[in-house]
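The values are calculated or read from the model by the stated rules, or taken from the named source; none is laboratory data. Computed from a predicted structure; not experimentally measured. Note that each Cβ is placed from the backbone with ideal geometry, even for glycine, and that neighbours are counted across all protein chains shown.
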Amino acid sequence: MENYSYEVIDLGRDVDPECILQTALEQQVSLIGLSALMTTTLKSMEDTIALLHAHKVPCQIMVGGAVLTPEYAAKIGADFYAKDAKESVDIARQHFGM
């Protein structure tokens, strides 16, 4: 994303959902990207999305990763599913109107 001039706030891996919530609110983030490379992280992704929705954070959420499918992304409440890095850039362009 940074290669395409998007500002990225990288919180790292295994990030507590509360940290993502607080960062989204404090930084007024409008697009959040979550990635899961292992099935063990899917529950955390689902919990993070639920927390963001519960707090009515005014953002959209894109998800991706080796273990995700478009169907699972929709099931957990994500706004977008990115099958690869190029698609995440396409989503960002759509989101930011570029």
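Descriptive notes on the structure:
- The set of residues in segment 1-39 that are modelled with pLDDT under 90 and of a type in the set (A, V, I, L, M) comprises A36, L37, M38.
- Scanning segment 1-41 for residues that are among the hydrophobic types (A, V, I, L, M, F, W, C) and closer than 22 Å to K86 by Cα yields M1, V8, I9, L11, V29, L31, I32, L34, A36, L37, M38.
- Selection within segment 43-58 - under 17 Å from L11 (Cα atoms) and either in contact with a Phe, Trp or Tyr (Cβ under 7 Å, 6 or more places away or on another chain) or not acidic (D, E) (or both): S44, M45, T48, I49, L51, L52
- Failed item in (1) under 13 Å from the mean Cα position of the chain (by Cα); (2) free of Cβ contacts under 8 Å to residues at least 40 places away in the same chain, with L34 passing the rest: (2)
- Of all residues in segment 52-64, exactly one satisfies the criterion of being buried (at least 18 other Cβ atoms within 10 Å of the Cβ) and either over 13 Å from the mean Cα position of the chain (by Cα) or more than 23 Å from E26 (Cβ to Cβ) (or both), namely G64.
- Within segment 52-84, being in contact (Cβ under 8 Å) with a residue 24 or more places away in the chain, among the hydrophobic types (A, V, I, L, M, F, W, C) and closer than 14 Å to L37 by Cα holds for V63, A66, V67, L68, A82.
- So L42, is it more than 21 Å from M1 (Cβ to Cβ), at pLDDT below 95 and within 13 Å of the chain's Cα centre (by Cα): yes
- Residues within segment 76-98 that are over 11 Å from L31 (Cα atoms) and in a strand (DSSP E or B), tallied: 2
Yes or no, residue by residue, for (1) under 20 Å from L21 (Cα atoms); (2) touching a helix residue (DSSP H, G or I) at 6+ places or on another chain (Cβ under 6 Å); (3) of a type in the set (D, E, K, R); (4) surrounded by fewer than 16 Cβ atoms within 10 Å (Cβ to Cβ):
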residue	(1), (2), (3), (4)
A50	yes, no, no, yes
P70	no, no, no, yes
I76	yes, yes, no, no
D84	no, no, yes, yes
